[in-house]
1. Report whether or not residue 103 is surrounded by 15 or more Cβ atoms within 10 Å (Cβ to Cβ), out of contact with any His (no Cβ under 6 Å at 6 or more places or on another chain) and modelled with pLDDT of 75 or more.
2. With the requirement that a residue be among the small types (Gly, Ala, Ser) and assigned to a helix (DSSP H, G or I), what does the range 194-226 give you?
3. All but one of (1) more than 16 Å from the chain's Cα centre (by Cα); (2) in a helix (DSSP H, G or I); (3) charged (D, E, K, R) hold for residue 234, so report the exception by its number.
4. Restricting attention to the range 107-129, report how many residues are farther than 14 Å from residue 146 by Cα and part of a helix (DSSP H, G or I).
5. Would it be correct to say that residue 260 is at pLDDT 95 or above and among the hydroxyl-bearing types (Ser, Thr, Tyr)?
6. Among the candidates 315, 291, 299, 286, single out the residue that is modelled with pLDDT under 90 and among the polar types (S, T, N, Q).
7. Restricting the search to the range 167-217, which residues are of a type in the set (Asp, Glu) and within 26 Å of residue 268 (Cβ to Cβ)?
8. Please find, among 95, 110, the residue that is of a type outside the set (D, E, K, R), over 23 Å from residue 65 (Cα atoms) and in contact with a strand residue (DSSP E or B) (Cβ under 9 Å, 6 or more places away or on another chain).
Amino acid sequence: MNGSPLTLWEHAQSQGVSRRDFIRYCSWLAAAAGIEASSVGQVIHAMEKKPRLPVVWMHFQECTCCSESFIRSSHPVVSDIVLDKISLDYTETLMAASGFQAEKSLHDTMKKYKGEYLMCVEGSIPTGDDGVYCCIGGKSAIDIVREVAADAKAIIAWGNCATHGCVQAAKPNPTTATPVHKIISGKPIINVPGCPPIAEVMAGTIVHLLAFDRIPQLDGLGRPKAFYSRRIHDTCYRRPNYDAGLFVESFDDENARRGYCLYKMGCRGPVTYNACAIMKWNNGVSYPIQSGHGCIGCSEKDFWDNGPFYQHLASFPGFGIETTADDIGVAVGAATAVGIAAHAISTNIKKGKLINAEIASSEEKENTSKKGGA
């Protein structure tokens with residue numbers, strides 16, 4: 001932390017990254033963050049000129065799956081660029097320091113970069129019994145959150161634990177597990193839910209802050225619209241089977257082998273907003289639905305308490321074909337029968353008109369021929 005911090009480009013050069021690869025990385029990150037092509041130059045300029053962003057990454061009630069997702073991304077942008085380019089000054093999971101040295105690193109960053117550092121929170125914060133259920137360095141999680149958030153530039157809540165409380169907040173919530181936004185106010189907070197979130201979604205969120213010095217556009221639940229504006233149902237490759245009334249009835253039936261829709265098996269895709277079906281996991285290889293398991297809605301509020309994972313919703317807000325899974329097959333079948341009948345009638349009418357026109361034309365030619373002969 002001594003001297004002027006390196007810019008992102010300078011640090012990339014020190015790691016042997018070529019200019020070509022650096023621009024490619026910047027372009028990929030811009031696309032991943034939902035930034036339009038005309039603004040890619042701004043992203044490149046920001047990553048060339050701006051110093052690394054000081055980051056303190058807090059861990060509370062969680063399983064560390066968000067960190068695991070982030071560092072295990074197979075895309076080199078995350079492992080070689082973003083993780084190296086941000087100045088990860090404090091994180092209990094990844095830092096080498098421990099004890100007093102670790103706490104000193106945290107407070108040095110907070111003091112030196114007052115109002116400039118990014119605070120990332122992984123895990124819910126227990127508020128029950130004065131916060132005794134999660135303590136670090138002799139302080140409760142709730143006291144730490146308030147202290148660190150006071151001078152943070154912005155806060156990112158990673159995963160469903162930090163954004164909604166997750167399983168710790170499930171009924172009866174014995175520790176009174178609480179999400180970040182219910183404890184901290186007056187600070188920009190970005191919710192990046194999921195259990196865990198997709199690594200590239202996490203990277204894209206940070207890049208938006210780096211490039212534009214502001215938080216991305218958020219939806220009503222504080223999530224980046226670039227990644228959480230569409231339902232998994234709308235972008236799922238099994239959606240045509242849903243519309244056709246073709247459903248898996250049990251995980252070992254023939255319909256499952258044919259890749260039919262998993263809605264009747266409890267899939268929450270129709271009520272879950274996330275980028276899983278578009279970005280996928282493991283460098284775009286697959287995502288739960290593609291692997292044969294229905295979506296459990298892990299990016300939504302209270303998903304642990306929203307009924308059994310393998311019990312389908314009786315209905316959900318929608319329109320047109322989206323009525324209920326119990327009736328949809330019958331409805332589609334009836335609609336198909338009506339459609340076939342309508343098509344047949346329409347076809348016969350058209351054929352009748354063509355035949356009549358042909359007869360009239362033949363009669364006219366015949367009459368003209370007779371007149372000419374006379």
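1. Judged against the criteria, residue 103 is a match.
2. 199, 203, 204, 211, 226
3. Going through (1) more than 16 Å from the chain's Cα centre (by Cα); (2) in a helix (DSSP H, G or I); (3) charged (D, E, K, R) one by one, residue 234 breaks only (1).
4. Total meeting the criteria: 6.
5. yes
6. 315
7. Result: 200, single match.
8. 110
The values are calculated or read from the model by the stated rules, or taken from the named source; none is laboratory data. Bear in mind the structure is a predicted one, so any value in this text is a computation, not a measurement. Every residue, glycine as well, gets a Cβ built from its backbone with ideal geometry; the counts of neighbours run over all protein chains shown.
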